[in-house]
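Shown next, in structure tokens, is the structure this report addresses.
Each value in this text was obtained by applying a stated rule to the coordinates, not by laboratory testing. Small disclaimer: the values here were computed from a predicted structure and weren't measured. Neighbour counts run over all protein chains shown; Cβ positions are idealised from the backbone, glycine included.
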Amino acid sequence: MTEQRDPSRWLVLVVRVPAEPSRHRVAVWRELRRVGALSLGQGAWVVPDVPVFADGVARVVELARRGEGEVLVLDAAGRAESDTARLEALFTAERSEEWAEFLADCGKFDAEIDKEIRTGKFTMAELEEEEQGLERLRRWHRDVKARDVFGAPAAVEAERRLRHCADRLADYTERVFRALHQM
């Protein structure tokens, strides 16, 4: 059984990795960003203490170790309710930025489908490209949704837009099928 943690508790990661070679610092930084850690400044990062972040924290520790660095992982909670609320707000603001970028890419996907329909480009190659685009959106949505433990407001719209993109691809697929199988 998976241990459930209190989402009002946090893990603070104090990261120190030598400046050279820079690839190790960059790898750690990229992993921190990938898992959705919130930067508190100068090597201090925070994530909610919930299971979805455990593997990412372990990868950060391993990457730092490989670069002859270290990560101190500390349990934390706000001293006052306002501290916890502030961390949640900062964390959710970052997820909101991710959702905004996701929604913009959904718009690009939609525009691309419109363009292909307008120009009558109903080929298997184009269909495969659009399928890959939708699959990328689905992975992105899954990843952001997993990190969005406090429920950013845009998450509902992101879900709706992803369904819309899937519907658009289904329609486009039907058009490609008809165009390729006309007698």
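Quick notes
- Three principal axis extents describe the C-alpha atoms of region 85-180; from largest down they are 56, 19, 17 Å.
- Diffusion constant of the chain at 20 °C, which comes from Stokes-Einstein with the Kirkwood Cα-pair radius and 1.002 mPa s, µm²/s: 114
- Per-residue HN-Hα couplings for region 73-85 [Karplus 6.51, -1.76, 1.60; θ = phi - 60°; Hz; x = Gly/Pro]: 10, 10, 6, 8, 8, x, 6, 10, 4, 5, 5, 4, 4
- Its residue count N fixes a reference of 2.2 N^0.38 Å for region 1-93, and the Cα radius of gyration divided by that reference is 1.09.
- The relative contact order of region 1-149, computed from alpha carbon pairs under 8 Å that lie at least 6 residues apart in sequence, is 28 percent.
- Model label sites at Ala93 and Leu40, defined 7 Å from Cα along the beta-carbon direction, differ in position by 1.6 nm.
- Computed per residue of the chain from DSSP H runs no shorter than four, each worth -39500 (n - 2.57), the mean residue ellipticity at 222 nm is -22500 deg cm²/dmol.
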